[in-house]
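Let me begin by presenting the structure, written as structure tokens, before commenting on it.
The values are calculated or read from the model by the stated rules, or taken from the named source; none is laboratory data. Remember, predicted model here, so these are calculated numbers, not experimental data. Using ideal geometry, Cβ is built from the backbone for each residue, glycine included, and neighbour counts are taken over all protein chains shown. Heavy atoms of the whole protein, side chains included, go into the accessibility calculation; ligands, DNA and RNA do not. Shrake-Rupley method; radii C 1.70, N 1.55, O 1.52, S 1.80 Å.
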Amino acid sequence: MRVLSGMRPTGKLHIGNLIVLDNWITLQNSGNKTFFFVADWHMLTTGYENVSNLSEFTTTLVREYLAAGLNPEKSTIFVQSAIKEHAELYLLLSMIVPLGRLERVPTYKEQLRELKERNISTLGFLGYPVLQAADILMYNADGVPVSEDQAFHLELTREIVRRFNSLYGRTFKEPKTLLTPKLLGTDGRKMSKSYGNTINIDTNTREMEKMIMPMKTDPARKRRTDPGTPEKCNVWNYHLSFGTSKEKLDEIRHGCTHATIGCVDCKRILLESMKRRLEPIWEKIEYFKTHPKDVKDVIFEGNKRARVAAQETMKKVKSAVNLVH
Ligand code: TRP
Ligand code: SF4
């Protein structure tokens, strides 16, 4: 399967992004042809007013991709804005996407409301999902791992494929959505930096404790002697996401349902799991910070590979649209 996904360079990755990356890495390591990129043009659609950190954030993101386990030998890791073909395809796709369709995209309406302080009543922001479609179709992706909130963008991508193919002949295939479940924030709401319920992956143990210890647990466990149900507890999901061992999980389930372990103990075990999972990543982040050339080389090589694939696609696309001069 050809697989493609990307993230916007918003700064540091948090543990929710890490779960997404885990999923990418599984796809990378199970014999798929994988493309993972930094969506820096997408970042501009809402962040065009302040670009001072853009290139630094792009480097940070690639560094964290690598630290988390993306492997440049197996995956093509690249930066969107370095592949000009994305802009060209975006332009061509924009010709065939009805305006009303874009105005009905839920993320569009929601962001307009949420980012009131920014002026994003722009052509660029309206076109966000079309640019995303161009990213996906450029590499002929069969599968696109994304979370639920991106599902509409994938639906629109498939609509664009059908419209393009019916106008110009079969050129693209419809990509599948590979849904990645989301980890909730430490307060049980959707994980988002603006809610302050996230934990950065390069955090330290003390910060982690400060976020984990106050987490709400199964409300049935008012007292330590009240039994609970792990499935009703966000801490349990964190255990599952951070690789708490099977034995420990059994122990916790038994302890929780029989009220023989307290939530504080359970969270201590979680902190151990998180530390075990994150420590090697912290080390790699430090390594890449002191070896910036390694990161640069990965981007350079990845861009080169992506460009070859993109040029091939554009040749087909331009000939389909009869732009052959
Ligand atoms: N919109 C995606 C997000 O915010 C990022 C993205 C841009 C993307 N282009 C993509 C994801 C193409 C998958 C495929 O998470
Ligand atoms: Fe949640 Fe663990 Fe407490 Fe059970 S013991 S309610 S799983 S924190």
> Listed residues LEU270, LEU278; which is within 16 Å of ligand 2 (Cβ to nearest atom), within 28 Å of PRO181 (Cβ to Cβ) and not small (Gly, Ala, Ser)?
Replying inline: LEU270
> Residues in segment 172-189 that are surrounded by fewer than 18 Cβ atoms within 10 Å (Cβ to Cβ) and in a loop (DSSP other than H, G, I, E, B): how many?
Replying inline: 8
> Do the conditions hold for VAL321, that is, is it over 23 Å from GLU73 (Cα atoms) and aliphatic (A, V, I, L, M)?
Replying inline: yes
>> Go through segment 99-111 and report how many residues are open to solvent by less than 50 Å² (accessible area, probe 1.4 Å) and farther than 20 Å from ASN17 by Cβ.
In response: 6
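A quick yes/no check of all residues on (1) buried (at least 21 other Cβ atoms within 10 Å of the Cβ); (2) touching a helix residue (DSSP H, G or I) at 6+ places or on another chain (Cβ under 8 Å); (3) not in a helix (DSSP H, G or I):
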position: ASP22; (1), (2), (3): no, yes, no
position: ARG63; (1), (2), (3): yes, yes, no
position: ASN71; (1), (2), (3): no, yes, yes
position: PHE78; (1), (2), (3): yes, yes, yes
position: LEU93; (1), (2), (3): yes, yes, no
position: VAL97; (1), (2), (3): no, yes, yes
>> Can you tell me which residue is nearest to the chain's Cα centre (by Cα) among those in segment 270-320 that are of a type in the set (S, T, N, Q) and more than 30 Å from HIS239 (Cα to Cα)?
In response: ASN303
> Which residue, of LEU21, LEU13, is modelled with pLDDT of 95 or more and not basic (Lys, Arg)?
Replying inline: LEU21
> Do you know which residues across segment 145-170 are assigned to a helix (DSSP H, G or I) and more than 25 Å from ASN322 (Cβ to Cβ)?
Replying inline: GLU148, ASP149, GLN150, ALA151, PHE152, HIS153, LEU154, GLU155
> Restricting attention to segment 96-111, and to residues there that are of a type in the set (Val, Ile, Thr) and away from ligand 1 (no atom under 14 Å from the Cβ), which single residue is farthest from the chain's Cα centre (by Cα)?
Replying inline: ILE96
> How many residues does segment 112-171 contain that are small (Gly, Ala, Ser), open to solvent by 10 Å² or more (accessible area, probe 1.4 Å) and over 16 Å from the mean Cα position of the chain (by Cα)?
Replying inline: 4
>> Within segment 223-325, considering only helices (runs of 4 or more DSSP H) that don't extend past its boundaries, which have at least 1 residues that are more than 29 Å from ILE199 (Cα to Cα) and either open to solvent by 90 Å² or more (accessible area, probe 1.4 Å) or of a type in the set (Val, Ile, Thr) (or both)?
In response: 292-320
> Does segment 3-20 hold any residues that are in a loop (DSSP other than H, G, I, E, B) and not charged (D, E, K, R), and which are they?
Replying inline: PRO9, THR10, GLY11, LEU13
> Only one of (1) closer than 30 Å to PRO219 by Cα; (2) within 11 Å of ligand 1 (Cβ to nearest atom); (3) of a type outside the set (S, T, N, Q) is not met by VAL144, so which one is it?
Replying inline: (1)
> Among the residues of segment 42-53, is any at pLDDT 95 or above and open to solvent by less than 20 Å² (accessible area, probe 1.4 Å)?
Replying inline: yes
>> Just the residues that are within 11 Å of ligand 2 (Cβ to nearest atom), in contact with a Leu (Cβ under 8 Å, 6 or more places away or on another chain) and of a type in the set (A, V, I, L, M, F, W, C), please, taken from segment 207-239.
In response: ILE212, VAL235
>> Report every pair of residues separated by at least 6 positions or lying on different chains whose Cβ atoms are under 9 Å apart, first residue within segment 257-272 and over 16 Å from ILE212 (Cβ atoms), second part of a loop (DSSP other than H, G, I, E, B) and near ligand 2 (Cβ under 8 Å from one of its atoms).
In response: THR257/GLY228; THR257/THR229; ALA259/ARG221; ALA259/GLY228
> If you check THR313, THR257, which single one turns out to be over 22 Å from LYS182 (Cα atoms) and within 16 Å of ligand 1 (Cβ to nearest atom)?
Replying inline: THR313
